[in-house]
Amino acid sequence: MAPAQNPISSQHVVVIGAGAAGLVAARELSREGHTVVVLEREKEVGGLWIYSPKAESDPLSLDPTRSIVHSSVYESLRTNLPRECMGFTDFPFVPRFDDESRDSRRYPSHMEVLAYLQDFAREFNLEEMVRFEIEVVRVEPVNGKWRVWSKTSGGVSHDEIFDAVVVCSGHYTEPNVAHIPGIKSWPGKQIHSHNYRVPGPFENEVVVVIGNFASGADISRDIAKVAKEVHIASRASEFDTYEKLPVPRNNLWIHSEIDTAYEDGSIVFKNGKVVYADSIVYCTGYKYRFTFLETNGYMNIDENRVEHLYKHGIQFVMFEIQSKWVAAVLSRRVTLPTEDKMMEDISAWYASLDAVGIPKRYTHKLGKIQSEYLNWVAEECGCPLVEHWRNQQIVRGYQRLVSHPETYRDEWDDNDLMEEAYEDFARKKLISFHPSHIL
């Protein structure tokens, strides 16, 4: 699929959401010559990086009548990748030496990421495109275009017609809650990580944390600072796993999955261990849900797989490269394959996952092929390939996260890649300071 020779076409495009994906999509669409409107439900840009101490009225977020809070950020959250590889390609996420209030750490806090995104929006005048405090209620196809219904925070409704819709609304507000046999009669407290903010409510408790990847690893250690005991239930662990972890208070254990919960407050793990717990924290991820989007049955969600989705995307640089691609497709500078070819590609992807036993719920996790995929998208829209140092930082960053969860944010072994990144920024004149200030 090479860039087409068709004349450039300008489209009227709506972007839903002004987080990282929405902001860079708006920029790339505008750069390509499209007219762009961004609809954002919050009062500021930043999306999921906007921290709120408030949690939802239902701690498991299952009650459809609950008061919804869109932030999933907890107070102690820091990035789980180095800042150099997180930034957009022409706007590096580097320390701000001109502002003492900023976080200069290599793995900074959520507040620093929000500040970076707001810097990005100001640098490229993106807020001019954003309508704040607007909730998108419904989107549906109409005669080859898209009709979008929305309402203001004051309840005033609007509907508009757009040539294209770019959905950047995220998927961190609809929690996935793992099923545990017997949980309905278990008497303790239950909360999903979406509603976790600080460890204080768990002081002197025995807590079970379900899940041991990014948020599970973080939250279990955060709670262990104040709890009596913390027990992690990990699906990735062998059935007989039982290990005490080296944390400062010597009160954290990792187990295999939970087998059953009982009315007397006990939790039985598949390793045979029994724990009488006060609380369960579910760090079990989120569901894809686009309740506002009507596609006449073309797009469905099956076991957390977004059906008929041509290609995938996570991380800031992937948002950026895919946004360039979308902008080029809409302007007809790049042509998509035929519908049959795209469906063939999708079917082949599903078959490759089935062949190695990967469940549907992991369809959009690219893992080891992420670098290959990013470069494929870049070639499609005529962009530079992703830098070697960026790909390697992501790979080695995740390796450290898994192998050294206690220390990976403050101790690392990839100074060579950090040096390569800052030299790249300097060579491209993207930073105003000499790399020696960092290295």
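The values are calculated or read from the model by the stated rules, or taken from the named source; none is laboratory data. The model shown is predicted, which means the values in this text are computed figures rather than measured ones. For neighbour counting, all protein chains shown are included, and Cβ atoms are generated from backbone atoms with ideal geometry for every residue, glycine included.
For this structure, a couple of remarks:
- Flag for F202 being in the same structural domain as A224 (by TED's automatic domain parsing), crowded, with 19+ Cβ neighbours inside 10 Å and at pLDDT 95 or above: yes
- Answer from D416, D354 - the residue that is part of a helix (DSSP H, G or I), loosely packed, with under 13 Cβ neighbours inside 10 Å, acidic (D, E) and modelled with pLDDT of 90 or more: D416
- The residues in the stretch 61-113 that are among the aromatic types (F, W, Y) and assigned to a strand (DSSP E or B) can be counted, and the count is 2.
- The lone exception for Y107 - which of (1) closer than 15 Å to A18 by Cβ; (2) surrounded by fewer than 20 Cβ atoms within 10 Å (Cβ to Cβ) it fails: (1)
- Residue match in the stretch 53-74 (condition: surrounded by fewer than 20 Cβ atoms within 10 Å (Cβ to Cβ), among the β-branched types (V, I, T), in the same structural domain as K151 (by TED's automatic domain parsing) and more than 22 Å from the chain's Cα centre (by Cα)): yes
- Picking from residues in the stretch 170-192 that are at pLDDT 95 or above and either closer than 30 Å to Q315 by Cβ or touching a Pro at 6+ places or on another chain (Cβ under 8 Å) (or both), the one that is surrounded by the fewest Cβ atoms within 10 Å (Cβ to Cβ) is K189.
- For the stretch 214-238, taking the residues that are touching a strand residue (DSSP E or B) at 6+ places or on another chain (Cβ under 9 Å) and assigned to a loop (DSSP other than H, G, I, E, B), the one that is farthest from E75 (Cα to Cα) is identified as S237.
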